[in-house]
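Since every read-out is calculated from the coordinates, none of them should be taken as a lab result. Because the structure is predicted, anything quoted here is derived from the model rather than measured. Cβ atoms come from the backbone with ideal geometry, glycine included; neighbour counts cover every protein chain shown.
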């Protein structure tokens, strides 16, 4: 069991408890001793910190979009308007390159995915002791500020994309047409048992790869920041600064990859040879 006072102690006092504490979520329905879910998948557990931070960041995106939309000026754009316009053009250009025919919904979806995942990843650059200590002083024993270091969050995102893949397939091909892709792809209808098995593996691999890739990279980054915090205060600046600079590239790249693969997977519903 992690000692809840680890948030208020120097990292070098008890490194094991310090690491355990910083890797523990604030949750409801989890084990009262370990403060963790009973298994890898436990739908009875609600991760409060992951939900609150994700909701807060989604609210920031909506607030920024609302303010830019209300005060948009095509002749004298503001800094935020310029940034959002560049992102919109970039994502729309990518959608045009990938989709065989115009689609008005996937562009906004891709932009939302990129911004939301990027901001959730960006929380990894907040000093590892800052938020846990603030919440500990307020009487909250655990609080992880990076939603994408929680497997439930990344799989929640990837399963949502998987649901959208199914919806787009059914809308484009019809329900029976979508079922036929499982029966006849890739070896023809006479080998439908093999086709069903292979297509199921191919489809299940999409949300698995999306969720695990994002989680693995962000969890590793968070763990490295925690390990750097175990160093003496004077020795943290060089490795911490170097890793923070490199991690900016990591969090941006992971948000881009998640968005790109989501667009590509959805676009497969509109390709006749799939």
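Odds and ends about this structure:
- Using alpha carbons only, the radius of gyration of region 4-270 set against its Kirkwood radius gives Rg/Rh = 1.03.
- Estimated inter-spin distance, residue 184 and residue 238, nm [label 7 Å along Cα→Cβ]: 6.5
- Stretchable slack from residue 56 to residue 160, in nm (0.36 nm times residue separation minus alpha-carbon distance): 35.5 nm
- Comparing 152, 129, 97 in a Gaussian network model of the chain where C-alpha atoms under 10 Å apart are linked, the largest mean-square fluctuation is found at 97.
- Cα-based helix-to-principal-axis angle, 192-229 vs the chain, degrees rounded to 10: 20
- Cα gyration tensor category, rounded, prolate or oblate, for region 105-156 with a/c compared to 1.5: prolate
- Degrees between helix 237-267 axis and first principal axis of the chain (Cα, 0 to 90, nearest 10): 20
- If you plug the beta carbon distance of residue 192 and residue 212 into 1/(1 + (r/R0)^6) with R0 = 30 Å, you get a FRET efficiency near 0.55.
- Folded to 0 to 90 degrees: helix 175-184 orientation relative to the chain principal axis, Cα: 90
- Relative packing of peptides 253-262, 71-80, 14-23 - highest average C-beta neighbours within 10 Å first: 253-262, 14-23, 71-80
- Three-way shape call for region 202-264 based on the alpha-carbon gyration tensor, with the a/c threshold at 1.5: oblate
- Residue-averaged [θ]222 nm for the chain, counting only DSSP H segments that reach four residues, each worth -39500 (n - 2.57): -22500 deg cm²/dmol
- Whether region 132-274 is rounded, prolate or oblate, judged on the alpha carbon gyration tensor where a/c under 1.5 counts as rounded: prolate
- Residues residue 224 and residue 260, FRET efficiency given R0 of 25 Å [Cβ-Cβ distance, rounded to 0.05]: 0.50
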